[in-house]
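A short worksheet on the structure shown next.
The values are calculated or read from the model by the stated rules, or taken from the named source; none is laboratory data. Because the structure is predicted, anything quoted here is derived from the model rather than measured. Reconstructed Cβ throughout: ideal geometry from the backbone, glycine too, with neighbour counts over all protein chains shown.
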Amino acid sequence: MTLAIAGVLLSLATLITLAYRGMPVIFAAPIASTVAVLFSGAPILASYTEVFMPAMGGFIGSFFPVFLLGAIFGVLMTVTGYAAAIAKAVVSVVGSRSAVAATVITSALMTYGGISVFVVVFVMYPLAREIFRAADFPRRLIPAAIGLGAGTFTLTALPGTPAIQNIIPGQFFGTNAYAAPGVGLLGGTAILILGLLYLERRKRSMVIAGEHFDSPESAPATSGSSDADSPRKGQNESLVAPNKLFPFLPLLAVVLVNFSCTLLIFPALEWSSLEDERFGGITLDDRAGLWAVMVAILSGIIVLVALNYQHAATIKDSIVDGMKGSLLPAFSVASEVAYGAVIASLAAFALIRDSVLDVGFNALWTSVIANNVTAGITGSSSGGMTIALNALGAELQDQAATEGISMEAMHRLTVMAAGGLDSLPHSGAVITILLVCGLTHRQSYRDLGVVTIVLPLSVTVGLVTLVTAVGTF
């Protein structure tokens, strides 16, 4: 058993190393899982075809529509020029000297409106670059500003966010995207305020030290113009938004429809047909969160198409681009989930799982620890959370019920926990942000790590302590 546990640890190190060196997780995950299987003595081919692939297919079957619709929505927001228009509107309100706040707020609006983090990065960098250039602030702060807005409180804390991270726990706890709204609002506000205070302090210290927009510390890592500095497709070919209100309508549609479906429409409908065997005996609680987000993002797409019907050819091409762009993120996360399924199938993992459950923490603390660890291992909040809940979800639900802990609290704090160590240096999102911005880990990861790991973790720990003491609010 000692050798098998060593194999699991070596497997994790392999996955982290391969991801850090830039190997796509679609390749890295099978390789890393093979290492663990070899050490455990389990059959390699059977583990791949009977464990890895079914788990991968199961995740795709459940969540691919969200990736697909989100990617299409993001591309349409870019090509129509609405994303750029939103950024300009935010800058006009907060002022160009508030470049950090403007970048954070704009990124947050796009993510809370249903646009994938990976899409937001490509949309936001050209906009943030010009905002920072006008203010003459160090460019190496841009990744942290985008990361704070797009990769923290809008993904995990704010109630109703259509991010995939906020949907996954509902499949295990029977909750919806608006679970524990008080806890989420408090946590989201704390992360935002602390993050802005930190970034503003860092900006002032850099400026006092003599740094400018393109000073040596923030200059591109390679000579010449990087891909990140070149106009992205859709930025220089965007359609002109004919009205200042129009760019916000698709985001507003996503938020309102998600809210209405979750709390008003779905509960008022008759769902007895779900008892049919062909639907697997599911209930509304099992799927309400997923269905609400799907309908919400689809509504945003419909609004975008309706507002730009006169550009039908461009819209059609953009929808196709969105479909293609959804494949890599979806299959990357699915590969991480499949890797976790292989690890969970090994006897060594059962020992590790039982050790976690036997430590004596309550369900909230156990969930927070387990989800942080798996998210850190995979470099993905959604992948890590799926792995942890597939392995421990039933036990955590039973334990929470025994201890009188609200499932809503379990949902919200589990999501927030998964948004902690997911941003370690090997994270796909971290690597993408730095590549798009043309910066290195040495130049920008310190600040990116503080706002996406240290602050969310600190707030989550504080909230778990508070909820344990006073209950859900």
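Restricting attention to the stretch 393-420, the residues being within 14 Å of the chain's Cα centre (by Cα) and surrounded by fewer than 20 Cβ atoms within 10 Å (Cβ to Cβ) number 0.
Can you find a residue that is hydroxyl-bearing (Ser, Thr, Tyr) and crowded, with 17+ Cβ neighbours inside 10 Å anywhere in the stretch 359-367? Checked against the condition, which is being hydroxyl-bearing (Ser, Thr, Tyr) and crowded, with 17+ Cβ neighbours inside 10 Å, the stretch 359-367 yields at least one hit. Apart from one condition, Phe64 fits all of (1) of a type in the set (A, V, I, L, M, F, W, C); (2) over 18 Å from Ile167 (Cα atoms); (3) touching a residue at least 12 places away in the same chain (Cβ under 8 Å); the exception is (2).
The condition of being farther than 29 Å from Leu290 by Cβ and in a helix (DSSP H, G or I) holds for only one of Val450, Val464, that being Val450.
Condition (residue is within 21 Å of Ser318 (Cα to Cα), within 23 Å of the chain's Cα centre (by Cα) and surrounded by fewer than 22 Cβ atoms within 10 Å (Cβ to Cβ)) applied to the stretch 41-64: is it met by at least one residue?
Yes: one or more hits.
In the stretch 146-168, the qualifying residues are those that are polar (S, T, N, Q) and either assigned to a helix (DSSP H, G or I) or at pLDDT 95 or above (or both), and the one that is surrounded by the fewest Cβ atoms within 10 Å (Cβ to Cβ) is Gln165. Checked against (1) assigned to a loop (DSSP other than H, G, I, E, B); (2) of a type in the set (A, V, I, L, M); (3) touching a residue at least 60 places away in the same chain (Cβ under 8 Å), Ile282 passes all but a single condition, namely (3).
Only a single criterion out of (1) surrounded by 20 or more Cβ atoms within 10 Å (Cβ to Cβ); (2) of a type outside the set (S, T, N, Q); (3) part of a loop (DSSP other than H, G, I, E, B) is not satisfied by Val121, namely (3). On the basis of being at pLDDT 90 or above and among the polar types (S, T, N, Q), does Thr78 make the cut? Answer is no for this residue.
Within the stretch 441-448, identify whether any single residue is modelled with pLDDT of 95 or more, among the aliphatic types (A, V, I, L, M) and in contact with a helix residue (DSSP H, G or I) (Cβ under 8 Å, 6 or more places away or on another chain), and answer yes or no. Yes; the residues of the stretch 441-448 include at least one that is modelled with pLDDT of 95 or more, among the aliphatic types (A, V, I, L, M) and in contact with a helix residue (DSSP H, G or I) (Cβ under 8 Å, 6 or more places away or on another chain). No other residue among Val342, Val320, Val337 is part of a helix (DSSP H, G or I), under 26 Å from the mean Cα position of the chain (by Cα) and more than 30 Å from Ala6 (Cα to Cα) apart from Val320.
Taken together, the criteria place Ile191 among residues that are in contact (Cβ under 8 Å) with a residue 24 or more places away in the chain, in a helix (DSSP H, G or I) and more than 28 Å from Ile72 (Cβ to Cβ).
Of the residues in the stretch 260-278, how many are within 22 Å of Ile164 (Cα to Cα) and modelled with pLDDT under 90? Residues flagged as within 22 Å of Ile164 (Cα to Cα) and modelled with pLDDT under 90 within the stretch 260-278 amount to 2. Within the stretch 9-19, the set of residues being surrounded by fewer than 19 Cβ atoms within 10 Å (Cβ to Cβ) and among the hydrophobic types (A, V, I, L, M, F, W, C) comprises Leu9, Leu10, Ala13, Leu18.
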